[in-house]
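The values are calculated or read from the model by the stated rules, or taken from the named source; none is laboratory data. Please read all numbers here as calculations on a predicted model, not as lab measurements. No Cβ is skipped: glycine too gets one built from the backbone with ideal geometry, and neighbour counts run over all protein chains shown.
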Amino acid sequence: MSSYEKVTDEIRSIAEKLLKEEEVEKIIGFGKGLFSDEVTPIFVSRLKDVDRLIFSPQASMSLAKYLLNYKEQKVAIVAKPCDSRAIASYLSEDMIKRENVKIIGINGCPGIEDNSACQECDIRNPVIADYTVGEEMSEEEIQAEIEDFEDEIEKMSPAERMEYFRKEFERCTRCYACREACYVCYCEQCFTESNQPDWVGESVKLNDNFTYHLMRSMHMAGRCVNCGACEMACPEGIDVRALAAKMVRAADEIFDYKAGLDPEQKTLLSEYDVNDREKGFMDE
Amino acid sequence: MMVKKVNKDGFKELFNKLKEEYNIAAPILMEKGKKELIEYGYVDTFEDIIWDQQPDSSPKNIVFPQNSYLGNDFEGHAAYDDGQPTIILGVRSCDIEAIKVLDQVFIEDEMYVDENYKNRRDKTIIVGLSCPERQSSCFCDTLGLDPVESDYAPIYLFKDDGNFWIKVKDSQYEDLFNGLEEGDQDKLNKLLEERRAKFKESSFELDIPIPLPEKDMFEADIWQEMTEKCLGCGVCTYYCPTCYCFNFFWEGEDGESQKYKSWDSCMFSSYSVHASGHNPRDSKDKRYRNRIMHKFSYHPLNYEGLACVGCGRCIDRCPVNLDIREALKMTEEYLLEKGGAESGKD
Amino acid sequence: MEKTDMLPHKAEIIEIKQETETNLNIKTFRCRFLDEDVQEEFDFKPGQFMMVTVFGVGEAPFGFASSPTEEDYVEFSVKEVGLVTEALHNMKVGDVIGIRGPFGNGFPVESTDGKNIIFIGGGIGLAPLRSLINYVMDEENRDKYEKIQLLTAFRSPEDTLYCYDYDWWEDVENTRIKYTIDEPCEGWSKCVGYPHTLIEDKLEWDLPNTRFFTCGPPIMIKFVTNRLKDLGIEPSEIVTTLEMRMSCGVGKCGRCNIGHYYVCKDGPVFTMEQLGEMPDEY
Amino acid sequence: MSKTAEFEPKIATFLCTWCSYAAADLAGSSRIQYPPNIRVMRVPCTGRMDPFLIIKAFNEGADGILVSGCHPGDCHYLDGNLYARRRFVMLNELMQYAGVEEERLNFTWCSASEGKRFAQVVEKAVNRVKKVGPWQGFDGQGFAREEGELVSEQL
C-alpha cells in the first residue's frame, strides 16, 4: 500500500509539470482550506498553489463529478482507484471528452479514514490513468486486505434488516448531500423533483425517506463504484452506502459485472445476455 | 434584574423541579450511526446535558421544526400543539441571535405574523449560556456578536467550574427561581469581563459594508470561483440556524387532506423553477450568491441586522467544508479592488 | 381580513369557461366563497393575486382576472402546465377549492387617474390586465381616465382569450381595441405581427400623460418595454407584472426574490424604473 | 373466521400486453378459476417496467406484486424482456436486502397460449403473499384497512 506522503509529493511534482507545460488549465485535487485544516477538494490553476495539493486519509469526496463542469476545458484530476472507475464510466457514457482530461491515478490506494467502503474495496489500482503515483498493489495484497470482510447486514433476517434501515433513514433530513456527492447522480431533473408522477413525498417522514433511498439505490445497479462518498457526505452519519453496496455485490455475484472497468464497457442494465440467470424469479 | 447562584446539585434540583411543568431541551450526545454529535434534544436526566462544547446543530428544529402540521381542509382552523411549554437550556449567543432573526421574520413583521411559528415560539423560554471558549470554525465576534452574553434571552447562565450563575432579566420568570441563594451581581460582571478578555483574539478579521451593495455584488465574477467545490446540496441551509425558507406540501386525498410546512433550501433547483421550466437561479453559484446576499444584504435591507451569526455550522457540516469565511474574504477583496466599497443602500 | 395561518378559505366553482383548447388549454374559473361574510368582505385591487389550493394536490398563485367592481365572485384563468393546473382543469362546476389572499401590491390605480392608458397584453398575460381593463372600463370609473387603448397579442386565432368581452370593450367610448396574432392566417382580418412591432402604427402611443400596462411571456415584456423606452416613454410610466415561483405569498418563504425585493410582497407589479434598479435576476 | 383466514392480499400485477395479458384473457375466456386478488395493469412490454412503479405500488398499499411478460426470446419488441430480466433481478436483490420478504416479489414469464399456467402462477403468487401477511409499509405504519379490504381504491 502506498504512503500518503509519497503519493502527495508525486502528485505535486506531476501537477507542477502539467501546469508549467500548460498541458492543463486546472488541477482538481485535495487540499486544505484557508481557515480550516480539513482536507477537501481544491482547484489549482496557479503554479504557486501546487503545494496546497495533499492526499490524506480525509480525501473522501469523489472528484470525478467536478469534471462535468469542465467539459470544454483541459483539466487534470487526482483519481483514487474508485474515482478512476467513475471517470471510465463517464467516458463510456460520453459525458466527458478523453482528450480534455489528464488522470493522475493513485496506485495501491491506502484508503480513506472511517470510510466503510474501503474495507471491501477490491480494486486498488486505477483502471485508467495518464500518470500514476504510489506503488502498484498486487492481487494477493488486495485479497489479503479484504478476505476477512463480511457484510453484517446480510446475516440479519429480513425483519431485522427492515428495522435496521428504518432506524437509519428516520434521521434523514433529505438534504440530498448523498445524491450531490455521488458521481452517478448527474440528472438534470431528479425523480425527487418530479410531481407528475409524484414518486416521493416531500415530507421527511420515514416512508418518504425510505422510498427516496430505495429508488436512488436502484440507480446504483451496475453503476456504483463503491467509493463511499455518499456515506462520507451525509451530515447525519446514515449508512447510505449499504443498499448501493448490495447492488455492487449482486452485480458481481450474479452477472460477474464490475462498474467502470474500462471506457468501452457498457453499463449492466443497458445490455443483456440471452442466458442471464433469473435469480429470485418465481420458478427459478 | 435578579442574579442567583447555585452549585451543581442546586441546579440539578432546579432542573428536576422545572421538568414537571416544562419540556426541557438541551445539548445532549446523540448517536448518529458511526458519528456522535451534540444536538438539542428533549432531556430527562440532568447529567446528560453537555455544557462545555458548542452543539453541532442549533435549536432551530425545536422552534421551527422541519415538518410542522398547519391544519386540514375540513376544520379550516390552524392546528396548534397544546403540549407543555418548553425551556431550551444552554443556548449560546450565536443561537440566541439566530432565533432573534427568526422572530424578526415571523413575528415582528407588522404586515404578516406567522401564527404557526408564533404559537410555538410563545411557549418556548430561551435560557442562554455564556460561551466558554471558541470552537474551530466559529466567528460570531467578527460579526459583532458578544459570545459572553446576549441580551435577547430572558434568562442567562454563566457556568464556571462549580457554580451556575443565573441572571434573570425578564421579571415574569423570577418566581421560577425564588428560594435560591442570591448571587453578587458585581462578582458576576467581573467574571463576565474576565471571560470576555480571555476570549482569545479571533484569527478572522472582516471589513465589508453591511448591507453589501446589491448590484455590485450581483454582477461580481467571484461567485463561480467561490463555489467551485460546492456540491449544490442543502446541508448548509438545513443546518444553518438562521435559514428559515420553507415550502408547503399536502397529504391525504380531498376531504381529509392535510397541509404541512417544511424546510426548503435555496440551494435546491426546484426552489425557484417556474412551471415553464425557466429558473432565475439555475446553477449553484447563482444560488450561493443568493444565500450570501440574503444574509449580508437582503435581510439587513428588509429587516435590520445580519442574518448570519457566525456559528460555523455550515462549515463543519458541509461535505466539502465550503467555508463562508473564505467567501466573505473574497467579497471583501472584490469590493476593495472595485474601489471604495460605498456602504448603505445602493 | 388577514388570515395568518396560511390556510385557505373554501370557495365553490360556479362557472367554468373554456377559453382555448387547440394549442394551449386555458380555462377561466369563476368562484364564490362558501362563507357569505367572507364573500362580503373580500376586496382586492386589480393586479393583485391569490393562492388557489386544490385540496390534497397543491397550491399555486393566480392573478385576479375579474375586476373588483364585479362584487359577488372572483375569476382567474388557468393554463394547464403542471400538477395543480391539471387538477384544476379536471374540476367541474360545484367543486370546492381553497383561496388565500389577496396578495401583492396591485396596479397603481389611484395614480393613473386622469391619464391616457395603453394596455399591451400577450397570451395568458392578458388575465391580470383584464382585471384592470374591466375596472377602468366600468361605467363608475370610466370618466376618471382619458383615452384607453388595448393591443392584445395571441399566437393564433384559436388562442384568443376573453372573446366575450371584446364587444363590450369596443362599445365603451373613447377606446381603441386592436388584436394581433403572430403569423398571418386566413379568415383573420385584424392585425398581424408581434406586439412590439405594431406599437407605432396601430396605437396613438405619443399622447402626452400616457401610462402603459403590459404583461405577457417574459420575451414579449422584454421587447415591448425596450421598444417603448426607445420611443422615449418614461420608464416610470411603463408598468408590468412579473411571474415567479411562489409558496407563501407574503414574503416569508424566500423563493420569489429579485435582489432584496420579494415579488409577492413588494410586487408583482413593478414599473420599468424600479426594475432598472433591481439586479436582473428574473 | 380468524384474522389470517380473512386476509385477502391485494397484488399489483403488471402484464405485458402481447403475452401475459393475452394469457389472462385466455384463462378468463376458458373459464379457468383463479384467485381474484390480482389488480392487473397492462404494460406494452416488461421492458417498459420502471422499478419505481413497483416501489410506488408498495407505497400505495399493495401486499405483493406480480410481473409477467413474454418468455425470453419471443418478446414482441425482440429484447424488451431481456433488458427487464436483469432489472428485475437487481430490483429483487435490492428489495429483499432492504427487508421486503421475497414472497411479495413475483416475477415470471407467461406466453399468450398459457392460460392454465397463468392461473397457476396467480394461485402460487397469492399463496406466497398470504404466507407473509399484510404489507405494513416501509415505515411499518400499515395502511387503513376495513376488515382486510384495502380502503384506498387507487389500486
Quick one: how many residues across the range C:237-260 are free of Cβ contacts under 8 Å to residues at least 24 places away in the same chain and within 20 Å of C:I124 (Cβ to Cβ)? 2
Only residues that are in contact (Cβ under 8 Å) with a residue 60 or more places away in the chain and touching an Asp or Glu at 6+ places or on another chain (Cβ under 7 Å): list them for the range D:76-128, please. D:S111, D:R128
Any pair with Cβ under 6 angstrom, 6 or more apart, that starts in the range B:27-52 at a residue that is within 14 Å of chain A (Cβ to nearest Cβ) and farther than 20 Å from A:R241 by Cα and ends at one that is polar (S, T, N, Q) and surrounded by 12 or more Cβ atoms within 10 Å (Cβ to Cβ): B:I38/B:Q53; B:E39/B:S57
May I ask you to say which residue of C:A60, C:A11 is within 24 Å of B:G252 (Cβ to Cβ), among the aliphatic types (A, V, I, L, M) and at the interface with another protein chain (Cβ under 9 Å from one of its Cβ atoms)? C:A60
Which residue out of A:I106, A:I87, A:I96 is over 19 Å from A:S3 (Cα atoms) and crowded, with 24+ Cβ neighbours inside 10 Å? A:I87
Tell me, please, whether a residue that is in contact (Cβ under 8 Å) with a residue 24 or more places away in the chain, part of a loop (DSSP other than H, G, I, E, B) and surrounded by 17 or more Cβ atoms within 10 Å (Cβ to Cβ) can be found in the range C:77-86. no
Step by step: first the residues of the range B:286-307, then only those that are at pLDDT below 95 and more than 13 Å from chain C (Cβ to nearest Cβ), then the one that is nearest to B:C233 (Cα to Cα). Which residue is that? B:L306
From the list D:V67, D:V40, exactly one residue is part of a strand (DSSP E or B), in contact with a strand residue (DSSP E or B) (Cβ under 9 Å, 6 or more places away or on another chain) and farther than 25 Å from A:M220 by Cβ. Which is it? D:V40
For the range A:193-210, how many residues are more than 7 Å from every other protein chain (Cβ to nearest Cβ), buried (at least 16 other Cβ atoms within 10 Å of the Cβ) and of a type in the set (D, E, K, R)? 1
Assuming B:Q224 fulfils every condition listed in (1) more than 30 Å from A:A64 (Cα to Cα); (2) more than 9 Å from every other protein chain (Cβ to nearest Cβ); (3) not in a loop (DSSP other than H, G, I, E, B) apart from one, which condition is it? (1)
Taking the range C:113-130 as the search range and keeping residues that are under 16 Å from the mean Cα position of the chain (by Cα) and farther than 24 Å from C:N23 by Cα, which one is surrounded by the most Cβ atoms within 10 Å (Cβ to Cβ)? C:I118
Residue that is modelled with the highest pLDDT, among those in the range A:186-209 that are acidic (D, E) and not in a strand (DSSP E or B): A:D208
Do the conditions hold for B:L180, that is, is it assigned to a loop (DSSP other than H, G, I, E, B) and more than 24 Å from B:I49 (Cα to Cα)? no
Output yes when any residue across the range B:236-244 is crowded, with 23+ Cβ neighbours inside 10 Å, β-branched (V, I, T) and in contact with a Lys or Arg (Cβ under 8 Å, 6 or more places away or on another chain), and no when none is. yes
Among the strands (runs of 3 or more DSSP E) contained in the range B:33-128, which hold 2 or more residues that are at positive phi and under 19 Å from the mean Cα position of the chain (by Cα)? none
Looking only at the range A:179-192, filter to residues that are in contact with a Leu (Cβ under 8 Å, 6 or more places away or on another chain) and closer than 18 Å to A:P235 by Cα; which one of those is nearest to the other protein chains (Cβ to nearest Cβ)? A:E180
Check on A:F169, within 19 Å of D:F52 (Cα to Cα), in contact with a His (Cβ under 8 Å, 6 or more places away or on another chain) and either assigned by TED's automatic domain parsing to the domain that holds A:A86 or among the aromatic types (F, W, Y) (or both): yes
Scan the helices (runs of 4 or more DSSP H) fully inside the range B:270-346 and keep the ones with 2 or more residues being surrounded by 22 or more Cβ atoms within 10 Å (Cβ to Cβ). B:284-293, B:313-317, B:324-337
Please indicate, with yes or no, whether at least one residue in the range B:203-211 is within 14 Å of chain C (Cβ to nearest Cβ) and outside any helix (DSSP H, G or I). yes
With criteria (1) within 14 Å of the chain's Cα centre (by Cα); (2) closer than 18 Å to A:K279 by Cβ; (3) within 11 Å of another protein chain (Cβ to nearest Cβ); (4) not small (G, A, S), D:R85 comes up short on (1)
Just the residues that are assigned to a helix (DSSP H, G or I) and either more than 7 Å from every other protein chain (Cβ to nearest Cβ) or surrounded by 24 or more Cβ atoms within 10 Å (Cβ to Cβ) (or both), please, taken from the range A:166-178. A:K167, A:F169, A:A177, A:C178
Tally of residues being within 14 Å of chain B (Cβ to nearest Cβ), buried (at least 21 other Cβ atoms within 10 Å of the Cβ), assigned to a loop (DSSP other than H, G, I, E, B) and not charged (D, E, K, R) across the range A:232-284: 4
Being at the interface with another protein chain (Cβ under 7 Å from one of its Cβ atoms) and part of a helix (DSSP H, G or I) is the filter; apply it to the range D:97-120 and report the residue that is nearest to D:A23 (Cα to Cα). D:E102
Note: among D:G73, D:G61, just one is farther than 16 Å from D:L15 by Cα, in a loop (DSSP other than H, G, I, E, B), in contact (Cβ under 8 Å) with a residue 60 or more places away in the chain and among the small types (G, A, S), namely D:G61
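Rundown of residues vs (1) closer than 22 Å to B:S297 by Cα; (2) away from chain C (no Cβ under 13 Å), yes/no style:
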| residue | (1), (2) |
| --- | --- |
| B:R92 | no, yes |
| B:A98 | yes, yes |
| B:I107 | yes, no |
| B:E115 | no, no |
| B:R120 | no, no |
| B:I125 | no, yes |
| B:P132 | no, yes |
Tell me, which residue of the range A:30-59 that is of a type in the set (S, T, Y) and at the interface with chain B (Cβ under 8 Å from one of its Cβ atoms) is surrounded by the most Cβ atoms within 10 Å (Cβ to Cβ)? A:T40
